[in-house]
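Asks: My questions will all concern the structure given below.
The values are calculated or read from the model by the stated rules, or taken from the named source; none is laboratory data. In this text, all values refer to a predicted model and were calculated from it rather than measured experimentally. Reconstructed Cβ throughout: ideal geometry from the backbone, glycine too, with neighbour counts over all protein chains shown. For the accessible areas, the whole protein counts, side chains as well, though only heavy atoms, and no ligand, DNA or RNA atoms are used. Shrake-Rupley method; radii C 1.70, N 1.55, O 1.52, S 1.80 Å.
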Amino acid sequence: MDRLEAIRQSTLFTGIEPAQCEVFLAIVHEQEAKPGEYLFRLGDPARMLYIIRSGTVHLTMPIAMNGTVKEVVVQEARAGETVAWSALVAPFRFTMSGRAGTDVELIAFSTRELQAAIEAYPDAGVRVVTNLAAVIARRLQVMHAMWTRELQRTINVTFGEGAGA
Amino acid sequence: MALEVFAVVAVLVLFTGMFLALLFSYRDIEDRRARRPAAVVRPAAPLYGFEARSKEIAEELMLRQIEHHLRRESLLAEQFVMDPSQQTLRAGEDLRLGVH
């Protein structure tokens, strides 16, 4: 799959005409990562946004276990998915870490260049921003459901099963 | 006549001997069984019974258990997002961390 096709089939650029994609194609940076290699770390400034071309990226959070802190995989992203969306949303800092789960090929965009392209080509830009909102909304909905389920379990354990019936 | 009496006596002795041998053998086995201590039934360690193993293995298994739980929860949450309802929200609610 060539770069243009990879971009068009990604969650960030879905629905964009090939001609409009050319604008974004001009600013892509290709990147590769080996399994276990970190693409970004929690707390770091977010300056790059990634589309996964192939492989799996693990999104991790630090969890304390037996007095040691381990990076636990809380989400997995696969080919076509967008990761590191913090690069386009204030305060532009990562709230998770991302590391390659397998050999990974990525299409990377710098925040500055992507913002400039969105502003310069508003028709395509609106579609990109709308798609980005869908990506963020999806993650939010999943995390919200997971949090609600864990809250229900905590209620069941704290107040007894009958409390949640 | 004497030969017939001798044959009957011989048969009686043989059968009585066989009967007594079986009887004593049975009692002996039953005595030994009664003296044997009852078998101690130890509960098998659960699949993730990592507490008895090394610290490194324990941590690795704990990590895998947590990630398995999160992966399962993420799938169930995705199903809720695709079809939001009370049922899909609470599907598999009893599958707590550590329950398989």
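Asks: If A:Q141 satisfies every condition in (1) polar (S, T, N, Q); (2) assigned to a helix (DSSP H, G or I); (3) at pLDDT 95 or above but one, which is the exception?
Replies: (3)
Asks: Is there a residue being out of contact with any Lys or Arg (no Cβ under 9 Å at 6 or more places or on another chain), among the aromatic types (F, W, Y) and surrounded by 14 or more Cβ atoms within 10 Å (Cβ to Cβ) anywhere in the range A:151-161?
Replies: Scanning the range A:151-161, I find no residue that is out of contact with any Lys or Arg (no Cβ under 9 Å at 6 or more places or on another chain), among the aromatic types (F, W, Y) and surrounded by 14 or more Cβ atoms within 10 Å (Cβ to Cβ), so the answer is no.
Asks: A:V126 - would you say it is at negative phi and within 14 Å of chain B (Cβ to nearest Cβ)?
Replies: no
Asks: Return the residues of the range A:84-104 that are touching a helix residue (DSSP H, G or I) at 6+ places or on another chain (Cβ under 9 Å) and not polar (S, T, N, Q); say none if nothing qualifies.
Replies: Passing the criteria: A:W85, A:A87, A:L88, A:V89, A:F92, A:R93, A:F94, A:M96.
Asks: Related question: Mind checking which pairs have a first residue in the range B:76-93 that is on the phi < 0 side of the Ramachandran plot and facing chain A (nearest Cβ under 9 Å) and a second that is among the aromatic types (F, W, Y) and open to solvent by 40 Å² or more (accessible area, probe 1.4 Å), Cβ under 6 Å, 6 or more apart or different chains?
Replies: What qualifies is B:T88/B:F80; B:L89/B:F80.
Asks: Given the conditions (1) touching a helix residue (DSSP H, G or I) at 6+ places or on another chain (Cβ under 7 Å); (2) within 14 Å of chain B (Cβ to nearest Cβ); (3) open to solvent by less than 60 Å² (accessible area, probe 1.4 Å), which single one is not true for A:R139?
Replies: Result: A:R139 passes all but (1).
Asks: Ok, one more. So which pairs qualify, if the first residue must be in the range A:88-103 and of a type in the set (D, E), the second must be open to solvent by 30 Å² or more (accessible area, probe 1.4 Å), the Cβ gap must be under 8 Å, and the two must be at least 6 apart or on different chains?
Replies: A:D103/A:E32; A:D103/A:K34; A:D103/A:P35; A:D103/A:S54
Asks: Name the pairs whose Cβ atoms lie under 7 Å apart, with the first residue in the range A:66-85 and closer than 16 Å to A:R8 by Cα and within 14 Å of chain B (Cβ to nearest Cβ), the second open to solvent by less than 60 Å² (accessible area, probe 1.4 Å) and among the hydrophobic types (A, V, I, L, M, F, W, C), and 6 or more positions between them or separate chains?
Replies: A:R78/A:I52; A:E81/A:I52
Asks: Please work out which residue is nearest to A:R149 (Cα to Cα), limiting yourself to the range B:52-66 and to residues that are at the interface with chain A (Cβ under 9 Å from one of its Cβ atoms) and surrounded by fewer than 18 Cβ atoms within 10 Å (Cβ to Cβ).
Replies: Among those that are at the interface with chain A (Cβ under 9 Å from one of its Cβ atoms) and surrounded by fewer than 18 Cβ atoms within 10 Å (Cβ to Cβ), it is B:L63.
Asks: Within the range A:86-104, take every residue that is under 24 Å from A:E5 (Cα atoms) and surrounded by fewer than 18 Cβ atoms within 10 Å (Cβ to Cβ) and give me the one that is farthest from the other protein chains (Cβ to nearest Cβ).
Replies: A:D103
Asks: For the list (1) assigned to a loop (DSSP other than H, G, I, E, B); (2) open to solvent by less than 80 Å² (accessible area, probe 1.4 Å), I need the number of the one condition that A:E71 fails.
Replies: (1)
Asks: Scan the range B:42-55 and give yes if some residue there is more than 30 Å from A:T68 (Cβ to Cβ), in a loop (DSSP other than H, G, I, E, B) and modelled with pLDDT under 75, otherwise no.
Replies: There is at least one residue in the range B:42-55 that is more than 30 Å from A:T68 (Cβ to Cβ), in a loop (DSSP other than H, G, I, E, B) and modelled with pLDDT under 75.
Results for (1) surrounded by 14 or more Cβ atoms within 10 Å (Cβ to Cβ); (2) more than 14 Å from the chain's Cα centre (by Cα); (3) aromatic (F, W, Y), shown as yes or no for each residue.
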| site | (1), (2), (3) |
| --- | --- |
| A:R8 | yes, yes, no |
| A:E17 | no, yes, no |
| A:Q20 | yes, yes, no |
| A:L25 | yes, yes, no |
| A:K34 | no, yes, no |
| A:F40 | yes, no, yes |
| A:G43 | no, yes, no |
| A:R47 | yes, no, no |
| A:Y50 | yes, no, yes |
